[in-house]
Amino acid sequence: QVQLVESGGGLVQPGGSLTLSCGASGSVGSINAMGWYRQAPGKQRELVATITTGGFTTYADSVKGRFTISKDNAKNTMYLQMNSLKPEDTADYYCNTFPPRGAWGQGTLVTVSS
């Protein structure tokens, strides 16, 4: 089983940047791919970006060119660098395997507002 903890959220103005972190522990060797997901108020959770063990990345069209997913295998940590943030990026952000399995963590709230 894999345990995941998200951090790094906060309040940022439109056009600003944030970097989210996802720390993994437990059976991390069983993971083939990881993803960042988000859930805005009143909406379903959606996939934002994925990264495989080999470093191949994919992005939702809504964040392509603005967000960058990366990982540090030595630290068992995944990151989401978010630039040019927009109010519509406001959401709770979660990390999980891709496809998702197990329980979701508490997430980290990103609020983009002036």
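Please enumerate the residues belonging to the stretch 40-61 that are among the small types (Gly, Ala, Ser) and either open to solvent by 60 Å² or more (accessible area, probe 1.4 Å) or at pLDDT below 95 (or both).
Once the filter is applied, which keeps residues that are among the small types (Gly, Ala, Ser) and either open to solvent by 60 Å² or more (accessible area, probe 1.4 Å) or at pLDDT below 95 (or both), the stretch 40-61 yields Gly42, Gly54, Gly55.
So that you can scan it fast, the table gives a plain yes or no per residue for (1) at pLDDT 95 or above; (2) farther than 14 Å from Gly10 by Cα:
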site	(1), (2)
Lys64	yes, yes
Thr68	yes, yes
Lys75	no, yes
Leu80	yes, no
Arg101	no, yes
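Which of (1) within 13 Å of the chain's Cα centre (by Cα); (2) under 19 Å from Ala103 (Cβ atoms); (3) among the polar types (S, T, N, Q) does Ser30 not meet, given it meets every other one?
Ser30 satisfies every listed condition except (1).
Among the numbered conditions (1) open to solvent by 50 Å² or more (accessible area, probe 1.4 Å); (2) free of Cβ contacts under 8 Å to residues at least 40 places away in the same chain; (3) basic (Lys, Arg), tell me where Arg66 comes up short.
Result: Arg66 passes all but (1).
Kindly list the number of the only condition in (1) more than 14 Å from Tyr93 (Cβ to Cβ); (2) in contact (Cβ under 8 Å) with a residue 24 or more places away in the chain that fails for Thr58.
(2)
Could you list, in sequence order, the residues of the stretch 59-81 that are outside any loop (DSSP other than H, G, I, E, B) and within 12 Å of the chain's Cα centre (by Cα)?
Listed by number, the residues that qualify are Tyr59, Phe67, Thr68, Ile69, Ser70, Lys71, Thr77, Met78, Tyr79, Leu80, Gln81.
Hey, among the residues in the stretch 82-99 that are in contact with a Gly (Cβ under 7 Å, 6 or more places away or on another chain) and assigned to a loop (DSSP other than H, G, I, E, B), which one's surrounded by the fewest Cβ atoms within 10 Å (Cβ to Cβ)?
Ser84
Return the pairs, sorted by first residue and then second, in which the second residue is of a type in the set (A, V, I, L, M, F, W, C) and open to solvent by 30 Å² or more (accessible area, probe 1.4 Å), the first residue lies in the stretch 9-35 and is assigned to a loop (DSSP other than H, G, I, E, B), the beta carbons are less than 6 Å apart, and the residues are 6+ apart or on different chains.
Gly9/Leu109; Ser27/Val2
The values are calculated or read from the model by the stated rules, or taken from the named source; none is laboratory data. Given the structure is predicted, the values throughout are model-derived calculations rather than measurements. Because the Cβ atoms are built from the backbone with ideal geometry, glycine has one as well, and the counts that use them run over all protein chains shown. Only protein heavy atoms, including side chains, enter the accessible area calculation; ligands, DNA and RNA are left aside. Shrake-Rupley method; radii C 1.70, N 1.55, O 1.52, S 1.80 Å.
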